[in-house]
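As structure tokens, the structure follows; a few thoughts come after it.
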């Protein structure tokens, strides 16, 4: 172990003893030279701090001249308990081995994987799906006992020629319903090249999320299951993060008044702030010719000659100085709602601090 | 609530009607061209096309109408590289933005495949597909079949002249300047129906 640590570039101190307390003491205060086996002498010659005491108790003991564990052990137990409380004695007993100390090791994380080995290789789509169904049922039972739901699944198909084909499935919601999950594998499995046949199928839930039972009440809004499945299916083609929804954001900057979040990992929010009319479409500001703070009477935009019919504004929007944003380096903007005689209704802005006119969006 | 003033033109039947003060859900108009309800909202289970500068307004009006009547989600498929973004604060006057899901497709083919999948599924009421490349007859027909199967409406928003013959209707939408209206923020639209199967 020491060699392995050294190889990893770590300097480790290792001690073995009969009790956990003694091992801790030896590894922290024993120095490198101790030998295994004769722990009794070793531990008694160590300072009292080796008993895993807090610094306050440690200092108090040292002030009394009790520097070593042997000094402490020589004192009558009653005095120690009265003076320093039961903790010192407990630690001492644990180190010497008179009181046992429970060790509760961390539990292994449950492994959500199942596999099936086939006596004869299979190659038909229906056969593979049937195999997947059996594995899914087993996996879902396992998930159910742990109150978990799968978010990402991987189906590995081992072929006779040792090649492995993998089908990944990312789900829009955590799920453990085999009947609903099976059709979602359809597309991935149909793309698999079975070669000479498949003789082992492994199914593993790579990502799992807690999925507790939900109480169903009269006002429970049922999540549209069909929609989640659709998001999963589309997401496996174009990427689950590319299915998005809009969330309101607290900002008066038009580009930042909303957020785009992945639909699979967010919930819809219902409250949208009512603001002044905003354009249906926004784009990166496009510069147009124009001078002065009043909107231009005639201008050219996207190779179109437009005449201002009615202008409403200005509405001043200041940049958020607490966020650095390169697109707002021109400072404050005066927004105008321009209705052109040609029909198009544009959202123009003027930057008084660095004179210039830009088109930022288009209304209905 | 947005007030939409409409000027509806049917080129095929040589008729036109001036629609004023339409409250988006209830359309009121001066001269009866034919019943607007026979045109709008568009026929379900089919895909339609819209082009022109106000095609987005057309799409949002349609989406708002369907969102209110069916209470289902709308899927908006856009091409990930497009610089123009739809603004939820802007279209929140047509329908609540939480009813809309956005799908960013990296390629033209992905956009069409996503649309087909969503149309076939039926858990979505309207699939809007923003495209910049022409749709072939095969692709158009596939979308049409998928829409029929899922009983979903599809709307392709594309540049002029890039539609496919498989579309049920094609609309040319342009905004019109309303000089008479004193109120700011006129919304007069001219929707021409170019093609109607």
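A short reminder: the numbers here are calculations on the coordinates, not readings from a lab. For clarity, every value in this text was computed on a predicted model and none was experimentally measured. Don't worry about glycine lacking a Cβ; one is built from the backbone with ideal geometry, like all the others, and counts go over all protein chains shown.
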Fill in: Per-residue average of Cβ from other chains inside 10 Å of A:243-251
5
Worksheet item: If you project the alpha carbons of chain A onto the principal axes, what extent comes out on each, in Å, largest first?
Response: 102, 70, 53
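Take the Cα gyration tensor of the range A:48-172, multiply each eigenvalue by 5, square-root it, and list the three semi-axes largest first, rounded to whole angstrom. List each step's numbers first, then the result.
Numbers: eigenvalues 804, 43, 35 Å².
Equivalent ellipsoid semi-axes, largest first: 63, 15, 13 Å.
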Worksheet item: Normalized C-alpha radius of gyration of the range A:113-210, against 2.2 N^0.38 Å?
Response: 1.02
Worksheet entry | Reference-scaled alpha-carbon Rg (2.2 N^0.38 Å with N residues) for the range A:2-96 | 1.17
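Summarise the long-distance tail of P(r) for the range A:281-362 by giving the % of C-alpha pairs beyond 16 Å.
On the way: 1569 of 3321 pairs.
That tail contains 47 percent of the Cα-Cα pairs.
Within a 10 angstrom radius of each residue's Cβ in A:226-238, how many Cβ atoms of other chains show up on average? Whole number is fine.
Values: counts 6, 8, 1, 2, 12, 7, 0, 5, 12, 2, 0, 7, 12.
Going residue by residue through A:226-238 and averaging, the value is 6.
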Worksheet item: Expressed as an acute angle from 0 to 90° and rounded to the nearest 10, what is the orientation of the C-alpha long axis of helix A:225-238 relative to the principal long axis of chain A?
Response: 90
Response to the item:
The Rg/Rh figure for the range A:193-291, Cα atoms and Kirkwood Rh, to two decimals is 1.15
Discussion item. I'd like the projected area of the range A:209-353, averaged over all directions, using the convex hull of its alpha carbons. Report it in nm² with one decimal.
Written reply: 13.6
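Using only atoms on other chains, find how many Cβ atoms lie within 10 Å of each Cβ of peptide B:51-58 and report the average. Spell out each step's value before the answer.
Values: counts 0, 1, 6, 7, 0, 6, 6, 1.
Average per residue, whole number: 3.
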Worksheet item: Mind checking the log10 I(q)/I(0) for the range B:51-170 at q = 0.11, 0.18, 0.24 Å⁻¹? Debye, one equal scatterer per Cα, no solvent, two decimals.
Response: -0.32, -0.91, -1.66
Response to the item:
Subtracting the Cα-Cα distance of residue A:56 and residue A:134 from 0.36 nm times their residue separation yields 22.0 nm
Worksheet item: Using 0.36 nm per residue, how much length does the chain from residue A:145 to residue A:74 gain when fully extended, once their Cα-Cα distance is taken away?
Response: 20.2 nm
Fill in: Helix-derived mean residue ellipticity, 222 nm - over the protein assembly as shown, DSSP H n ≥ 4, -39500 (n - 2.57), to 500
-8000 deg cm²/dmol
Discussion item. Using Cβ counts within 10 Å as a stand-in for footprinting exposure, how do B:171, B:76 rank, fewest first?
Written reply: B:76, B:171
Practice prompt. Specify the angular offset, from 0 to 90 degrees and rounded to the nearest 10, of the alpha carbon long axis of helix A:178-190 from the longest principal axis of the alpha carbons in chain A.
Written response: 70
Fill in: Helix axis angle, A:20-29 relative to chain A longest principal axis, alpha carbon, degrees
80
Worksheet item: Label residue A:215 and residue A:186 with points 7 Å out from Cα along Cα→Cβ: what is the distance between them in nm?
Response: 3.7
Item to complete: With both partners inside the protein assembly as shown, how many of the DSSP beta bridges are antiparallel, as a percent to the nearest 5?
Response: 75
Fill in: Using alpha carbons only: equivalent-ellipsoid semi-axes of the range A:80-139, gyration tensor based, whole Å
60, 11, 6
